[in-house]
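Worksheet: the structure to be examined is printed underneath.
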Amino acid sequence: MKRFLLVISAGLAISLSSKSQLYVNKATFFIDQGAVVTVEGDVTSDTSILGSGKLYLNGGSLQNVNMDNANDAVAKGFANGYTIPFLEINNAANASLNSKAVIQDSISFVAGKISIGNNDITLSQNCKAKGMASGMFVETNGSGVCRRTVSSNFANIIMPIGLGTNYRPV
């Protein structure tokens, strides 16, 4: 298991690949705008990922995403779970959300879906959803829900949900 802290300064675009899991344990993890962190294993964190860069899931087998490893998000005031700024999924074997999570800026699909099971995923008010199609969406396959924070303007709001291979946006 690899553990590391990545801080990318403003104006510097960098890509970091991790062939094993990304594990953030009591640390600050910041992905600057334009930067990409590519992970081919699981993502485990006990805090929000900061910045506006991209967390890119690019595995060849099921990738698990646990954004509340310490089970303390609600106690620390994060009722909807910890945040990922920009999540992109490129994994035909899919990803599985194993905790509550918030997607801040963007969720994007190249290949595969993210199944939420009994966990909730919240898309922030300004979160953009891209690349949805058959087999590429948030799969609501349990008691978990896909929520969206909205203002009084409901125009152009897309909930990128589906089940199985069926993309059924709301």
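Of all aspartates and glutamates in the structure, those lying under 19 Å Cα to Cα from Lys128, and not within fewer than 8 positions of it along the same chain, are Asp32, Glu88, Asp105, Asp120, Glu139. Determine the sum of side-chain charges near Ile158: Lys and Arg each +1, Asp and Glu each -1, restricted to other residues whose C-beta is under 10 angstrom from that of Ile158. Counting the neighbours of Ile158, the net charge comes to +3. Which of the listed residues, Thr38, Val24, Asn90, is farthest toward the dipole's positive end in the chain, when Lys, Arg count +1 and Asp, Glu count -1 at the beta-carbon? Projecting each Cα onto the dipole axis, the largest value belongs to Asn90.
Taking the inverse of the mean 1/r over every pair of distinct Cα atoms in region 27-99 gives a Kirkwood hydrodynamic radius of 12.6 Å. Just to be sure I understand the curve: with the Debye formula and one point per C-alpha of region 16-138, what is log10 I(q)/I(0) at q = 0.11, 0.15 Å⁻¹? With no solvent term, the Cα-only Debye profile gives -0.31, -0.59.
For the chain, the share of accessible area belonging to carbon and sulfur comes to 51 percent (1.4 Å probe, ligands and nucleic acids excluded).
P(r) tail, region 92-170: Cα-Cα pairs separated by more than 22 Å, 14% of all pairs.
The values are calculated or read from the model by the stated rules, or taken from the named source; none is laboratory data. Just so you know, these numbers come straight off a predicted model, no measurement behind them. Using ideal geometry, Cβ is built from the backbone for each residue, glycine included, and neighbour counts are taken over all protein chains shown. Note: areas computed on protein heavy atoms with side chains; ligands, DNA, RNA excluded. Shrake-Rupley method; radii C 1.70, N 1.55, O 1.52, S 1.80 Å.
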